[in-house]
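A quick write-up on the structure given underneath.
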Amino acid sequence: MQLVALLLVVGLVVKFWPVMVGVIGLIVAAYWGRLAVDRHAERVEAERRRLAGLLARADQQHRWVLTGDERGVYGEYPCPPL
């Protein structure tokens, strides 16, 4: 009985190996695609955080300029000597 089952499995593998290779290829391609999408999403989120920080600093410096504080023009560094 085991021999018959083994021959049946071997026969199916020999007969349908292109289908099996195709299915395995689709699984691998889907996995790589998901990895690429995840890496892209991480990079987009990192850029969004960077721009949000830049915007927050720009808003703070703009408020300083409106109140007459020199840090709004020169940043948080001391003014250059004249």
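Quick note: the coordinates plus some simple rules give every number you see, no bench work behind them. Since this is a predicted model, take the numbers as computed values, not measurements. All Cβ positions, glycine included, derive from the backbone under ideal geometry; neighbour counts span all protein chains shown.
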Derived scalar couplings ³J(HN,Hα) [the stretch 11-23; Karplus, 6.51 cos²θ - 1.76 cosθ + 1.60; whole Hz; x for Gly, Pro]:
x, 5, 5, 5, 6, 10, 4, x, 5, 5, 5, x, 5
Given [x] 24, 12, 10; [y] 18, 15, 11; [z] 68, 9, 9, the label whose value is semi-axes √(5λ) of the Cα gyration tensor in Å derived from this model:
[z]
Residue-normalised 222 nm signal for the chain, counting each DSSP H run of n ≥ 4 as -39,500 (n - 2.57), nearest 500 deg cm²/dmol, is -31000 deg cm²/dmol
Would you please give the FRET efficiency between Y31 and V10, computed as 1/(1 + (r/R0)^6) with r the Cβ-Cβ distance and R0 = 35 Å, to the nearest 0.05?
0.80
Fully extended contour minus Cα-Cα distance, from R63 to E47, at 0.36 nm per residue:
3.3 nm
³J(HN,Hα) across the stretch 28-33 via Karplus (A = 6.51, B = -1.76, C = 1.60, θ = phi - 60°), whole Hz, x for Gly/Pro?
5, 5, 5, 5, 5, x
